[in-house]
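One structure is given below, encoded as structure tokens.
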Amino acid sequence: MTYANDTIAAVSTPPGRGGIGIVRLAGPEAKTIVEGMVRLRRPLAPGGARFAEVLEAGTEAVLDQAVITWFAAPNSYTSEDVVEIAAHGSPVLLDAVLRQCLEAGARLAEPGEFTERAFLSGRLDLTQAEAVQGLIEATTLQQARTAAQQMGGGLSRQIAPVKRSLIELIAALEAGIDFAEDDLDLMPDDEICRRINAVASPLALLAESFAYGRLLREGFRLAIVGRPNAGKSSLFNRLIGRERSIVTAQAGTTRDTVAERLELSGIPVEMVDTAGLRDVAASGAALDEAESLGVTRSREAMAEADVLLLIVAADEISGGTLHPEDREVIAGAAGRRLIVALNKVDLVQDRPLALLPASSVPTSAIQSIGIAELRLAILGALQAAPGVAESVPVTNLRQQTAITNALIALRSAEQGLTEATPHEMLLLDLHEALAALDLLTGTTHTEDILEVIFGSFCIGK
């Protein structure tokens, strides 16, 4: 990229018709190119919007009326001169304006090139640049909030003191080695270990936040499972707020998985209603081919789900004991996120019920009892640990990999202390940890990393 010498241009608004469409230019000739295309009533001023008439190429004929905004370097998104032409949102018109920009000396911007220039100029670090894409792609308000926190430097601010502490430790160890002949005392091993842990602890917390951050970014899959006629489809319909699954009094109505996407408190959810689980060997009842395939797909959905919602029919509990198939699901979900809904409680108000897990929620799909509580229980199963929830979460694999690599290097240095490894060797691990943190924020980078990150952006951003 000839970053310092060329001017780029692109349509920055989405394809299609709209009230407004924006053509953006960035580079040293941006202002000159635009001034040659329009008739201004007042000269352009930094940070000011000016009404202008866009002229047809090579003529004085008016093509459109537009508002021109000039962001003078270095006070712009890319730190260069940036000019935005806000015209009417006709695709034909915007294409004509863009072509004039290109004929006047600009070149078409590559995907993400405006943001890449912002990164290369130091306006954004790499975590902030990635957050720009996250904000554009957000489909829920919570995703947008998280991306906005990162774009505002929230993640960078958490990394900065950790990185500073690591640099101070490296400097102290290197000073001890360089000035050993001047009787400068080496740092005691227990002090080195303490300072390594002080660096590793916040990084470990950030690494833990990735599971929650990925849920915010990508959403999660919830499988509603249970025995036939437990009320799975009825609760599924109540949770999504419409009659999506067919519900009848006959057991086994659902023969296949039914999926629906929705949002719970800003987190995208794919909710899957499944066929009733039935153990043929235990029940002695043969299943037809369709129901057999449905049970197989139910078990596949259980294996793929991030959260299991087991529906237990309260009126089928005998002697206060759960059915073996329900107990099997609970036992098989050990270590996984499981919520139990005790459905049809309106039918058994005076009957003693089974001892269920603490996450159980009494519900009645018919009378809409416990639906709000069930939604809260689902969200509760996804909540991050207190320390994790208070931080800006890590939301992509590249960031997670960099933090993990830093932790591995720090633990290697810690292990070296227990083996009386010379400080020169410890410094190799500490420098490796520092290099991983540099890759996280983009202090050091490779062209391959930038190509992967910015190549996924839309043109014009």
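Some observations on this one:
- Looking across region 182-226, the residues that are touching a residue at least 40 places away in the same chain (Cβ under 8 Å) and of a type in the set (D, E) come down to D189, E208, E218.
- Number of residues in region 228-237 that are buried (at least 23 other Cβ atoms within 10 Å of the Cβ) and touching a Gly at 6+ places or on another chain (Cβ under 8 Å) equals 2.
- Within region 261-281, tally of residues that are at pLDDT below 65 and hydrophobic (A, V, I, L, M, F, W, C): 2
- Qualifying residue in region 149-163 (condition: modelled with pLDDT under 90, over 30 Å from L427 (Cβ atoms) and not assigned by TED's automatic domain parsing to the domain that holds L203): no
- Residues of region 15-60 that turn out to be touching a residue at least 40 places away in the same chain (Cβ under 8 Å), surrounded by fewer than 17 Cβ atoms within 10 Å (Cβ to Cβ) and over 18 Å from A104 (Cα atoms), as a count: 6
- So A148, is it of a type outside the set (K, R), under 14 Å from the mean Cα position of the chain (by Cα), part of a helix (DSSP H, G or I) and surrounded by 22 or more Cβ atoms within 10 Å (Cβ to Cβ): no
- Residue count for region 106-141, restricted to those that are in a helix (DSSP H, G or I) and in contact (Cβ under 8 Å) with a residue 12 or more places away in the chain: 20
- Note on region 387-437: among residues that are touching a residue at least 40 places away in the same chain (Cβ under 8 Å) and acidic (D, E), the one that is surrounded by the most Cβ atoms within 10 Å (Cβ to Cβ) is E414.
- Inclusion of L102 among residues that are crowded, with 17+ Cβ neighbours inside 10 Å and either part of a loop (DSSP other than H, G, I, E, B) or in contact (Cβ under 8 Å) with a residue 24 or more places away in the chain (or both) is not warranted.
- Some residue of region 249-260 being at pLDDT 80 or above and not small (G, A, S): yes
- Within the option set E289, E373, being at pLDDT 80 or above and among the acidic types (D, E) holds for one residue only, E373.
- Checking V82 against (1) at pLDDT below 95; (2) under 24 Å from V132 (Cα atoms), the condition it does not meet: (1)
- The numbered conditions (1) in a loop (DSSP other than H, G, I, E, B); (2) at pLDDT 85 or above are all true for I192 except (1).
- Checked against the criteria, S245 does not count as modelled with pLDDT of 85 or more and either more than 20 Å from the chain's Cα centre (by Cα) or among the acidic types (D, E) (or both).
- The residues of region 208-234 that are touching a helix residue (DSSP H, G or I) at 6+ places or on another chain (Cβ under 8 Å) and farther than 19 Å from R299 by Cα, listed by number, are E208, S209, F210, Y212, G213, L215, L216, R217.
- Scanning region 51-80 for residues that are in contact with a Phe, Trp or Tyr (Cβ under 8 Å, 6 or more places away or on another chain) and of a type outside the set (A, V, I, L, M, F, W, C) returns Q65, Y77, T78.
The values are calculated or read from the model by the stated rules, or taken from the named source; none is laboratory data. Computed from a prediction, not measured in an experiment: that's the story for all the values here. Every residue, glycine as well, gets a Cβ built from its backbone with ideal geometry; the counts of neighbours run over all protein chains shown.
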